[in-house]
Amino acid sequence: MHFGVLSATRGSSGQNPLMTCRHSSNAPSHLDRTDSRNSESPSEDGNFTDDVVALQKEIGGDLKSLKKVSGLLEQLTLENKQLEEQVLTVSSSVPLRVSAALSTAEESRVKLESLLEKERLLSNTLQQHLQGAQVWADSIGQVLGQLDTLERHMKYLQCLARIEELSDSIQQYLMTNSMWDAVGAIDRMASLDMGLRESGCSHLQAFLRETLRFWHKILKDKLASDFEEVLTQFHWPFISPPTQTLSPPANAQELNSQLELLVSQLLSLQTSDDLISEKKETPSRPEQSQTPPLSLPIQIMLLPLSKRFRYHFTGNRQTNNLSKPEWYLTQVLIWMGNSSNFMDEKIQPILDRAGAKVNARVELCRGLLTLAQEKLAHDAPRLLYDDALFCHLVDEVLQFEKELRSTHSYPRAYPGVLHILLEETVFQKWLSVERKMAVEKVDAMLSAEGAWSSQYKDITDIDELKAPDCAETFMTLLLVITERYRALPCPQAQLSFLALQKELVDDFRIRLTQVMKEESRQPLSPRYCAILNAANYISTVLSDWGDNVFFLQLQQAAVSVGEEILGPLGATETGRLASLEGSLFEALLALLERLRGDMLGRLLDAVMRDVKEKAQPYCKDRWISLPSQSDQATMSLSSSACPMMLCLRDHLLRLQQMLCLPLFQMFWQSLAERLDSFIYEDLILYNHFNEGGAAQLQYDMTRNLFPLFGHYCKRPENFFKHVKEACIILTLKVGPALLFCDVLKQSEEDEGILNHQQPSPESALNELGVYKLAPSDVQILLNLRSAWCVTGRV
């Protein structure tokens, strides 16, 4: 029965798929598949079924084909035997491989031990060799050391021979008057000096430097003597302004040639001159070390001027006067001006042809400035205890610096004379004197007779800010201080003066506050208004200064170094200063703004007290019993409103004359807002109105009150929104008023229900021109109408 099933499933091809698969696979894969089938889960039984189906196809459904089973069994038995033989062969070969590996490892170990033994023997042999060779190395080292010493001695002797050779050459050149050759030899000797700068041969360096100084002095003196003779023929130095001669001298060409030759030779001595003078001149201030040494020709040209300067401004000469620093400062400027043309026309072309990258006129100014600097450094400490003379010295130095930079175009890269004033003791004295003088001037200006009046009060176009004399003089004082320290080369010094200015402004603000408190009992007085104008003027000027380029630069300097002078700034303030959002005067402006706001409030309170007092009869008028508009021939201002209107007019006209335009704008706008609230709350909401009363109120407001402010704006009613809209409601006809009440009632009933067809109370009020008042306020105003009360619509 089973064989019948197998025969039925056999394929028509006659080939056994199962046998084909087994013949094509090797032995290990067959074993793996067999093992995996035994270990697989029952879910893989489908593979076994497939093999059975393949077997059925091989045998077929015919009973006669069952004879193939014996052949198939023999074939499978043969394959099984082959697989067992392969397994036995593999099992027997594994121990042989392991033993072979162990033998190889043992051979490697033996070889390694042999190599280590050889390395040890070789190391011992090498160590013995090195110990034997060390003796030879020590002896050779001694010989090499001796050779090195001999070489250094030879080089030392060669340097000495070279120095002697150059010295002899210079002597020979000077004897034969070969100046260019002598200059070249001097230059080579200077190069040798610079080459020995890193060596430790101090005695050789000293000998070379002395030899160089000796020959340099001889050659320099000879060239300087010849140069001075040529300069004398050019009438140097120019003590007075040079006069233009009618015709040049006969030997002008020869003089020009000699001048160029001597200047060129002196320029060639510049290197040796710098070497000789570098140890002799140790700069006493950092500013001197930043500038290169003067050119040698300029140094020689300065000698006669230096002699004259020291003759007149040192010792017991009458021209050496501590109280007259302008004498020597002016003399220096005069010499600069007199010599500028000669330097530009004669010396500068020679320097350009020689390749010297210097400006002859600037070099001469530098040399003359050295004389002024030495004199100032000597005199300034002697004037620290005399404020008047010290102030005079500072003024003259500042004026000298200004003229030096502007008239003589002295470069900003080179220091002038201002750094003398920045010495610690001198600078602190300068600050203290500035503070003392400023406080004295403030005391004087505040106690002056016309301190609170403006000198431009009669000139309307100029006196827009109406600043009193004391405030204008004070800001002029601050401006003068700014101009004095603007040119200082040190940002820290500038910030110190800025701190002084801020201190003075705060002190002046405190003084204004004290005077204001004295005048607070009469806030409508001219003096009180002048104080208010002063605070506004100072605030306006400081705001402009905050946008000035100079103060913006100081603001950036304050971010980096300002804490040392201005105190700790804080992270927020530092960030605002760095981003240019704030200004250096921000704190002062806030204090001045507070003072201005306080004073304006007091002024408004005083005016409102007066207006309210005059408005009492008008507020208590019988608005419910006034005749209607049809019963009157013409409308006129209520008689009870006249005192209030006159009071308002007088105050506005007077304050317009006393306050500056920005303050008066703030004043009348604030006054209009207060009047709007006062009339609305104390008059309109306090009374009931008939038709005539509402019409009269509207006439008083629109034809009298609003025009009072119409001089200062085009639409004054916009500042009286409560009063204007209240008049609209009070004069509203009965019909529109009833319609609005219906809209309001319907809105209350439909509260919470969205109804697009029903208009809102706000839109209905907007159609009437009412935007400020709320519907509830309008209902209150409607209830104030007497006709409304009669109809019963409460």
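The values are calculated or read from the model by the stated rules, or taken from the named source; none is laboratory data. Computed from a predicted model, the values in this text were never measured in an experiment. Reconstructed Cβ throughout: ideal geometry from the backbone, glycine too, with neighbour counts over all protein chains shown. Remember, those area values only see protein heavy atoms, side chains included, never the ligands or the DNA or RNA. Shrake-Rupley method; radii C 1.70, N 1.55, O 1.52, S 1.80 Å.
At-a-glance table
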| quantity | calculated |
| --- | --- |
| Around residue 505: net Lys/Arg minus Asp/Glu count, Cβ-Cβ under 15 Å | -1 |
| Cut-off 15 Å between beta-carbons: net charge of the residues surrounding residue 221, Lys and Arg +1, Asp and Glu -1 | 0 |
| Nitroxide proxy distance, nm - points 7 Å out along Cα→Cβ at residue 686 and residue 175 | 12.4 nm |
| 29 Å Cα-Cα reach of residue 429 towards lysines, excluding residues that sit fewer than 8 places from it in its own chain | 324, 375, 402, 441, 502 |
| Summed side-chain charge close to residue 728 - residues other than residue 728 whose Cβ falls under 13 Å, Lys, Arg +1, Asp, Glu -1 | +1 |
| Debye intensity ratio in log₁₀ form over the Cα atoms of region 644-767, taken at each q of 0.19 Å⁻¹ | -1.05 |
| Cα-derived Rg to Rh of region 392-527, Kirkwood definition | 1.08 |
| Simple spin-label estimate for residue 291 and residue 622 in nanometres, 7 Å along Cα-Cβ | 9.6 nm |
| Relative contact order %, region 281-422, counting alpha carbon pairs below 8 Å whose residues are six or more apart | 28 percent |
| Semi-axis lengths, Å, region 524-565, gyration tensor of Cα atoms, sqrt of 5 times eigenvalues | 33, 12, 5 |
| Region 427-598: translational diffusion in µm²/s, Stokes-Einstein, Kirkwood Rh over Cα pairs, 4 °C, 1.567 mPa s | 76 µm²/s |
| Region 183-246: radius of gyration and largest Cα-Cα distance (Dmax), Å | 18.8, 62 |
| Kirkwood Rh and Cα Rg combined as Rg/Rh, region 281-422 | 0.97 |
| Largest-first ordering by accessible area, 1.4 Å probe, given options 741, 642 | 642, 741 |
| Computed E for residue 146/residue 114 - FRET, C-beta separation, R0 60 angstrom, nearest 0.05 | 0.80 |
| Reciprocal of mean inverse Cα separation for region 75-167 (Kirkwood radius, Å) | 21.5 Å |
| Global form of region 98-255, assessed from the alpha-carbon gyration tensor, a/c cut-off 1.5 | prolate |
| Full-extension gain in nm, residue 76 to residue 771, via 0.36 nm per residue minus C-alpha separation | 239.1 nm |
| Straight-distance crosslink candidates among lysines, where the alpha carbon sits under 17 Å from residue 68 and sequence neighbours closer than 8 are dropped | 57 |
| Centroid-to-centroid separation of region 210-228 and region 293-367 [C-alpha atoms, Å] | 22 Å |
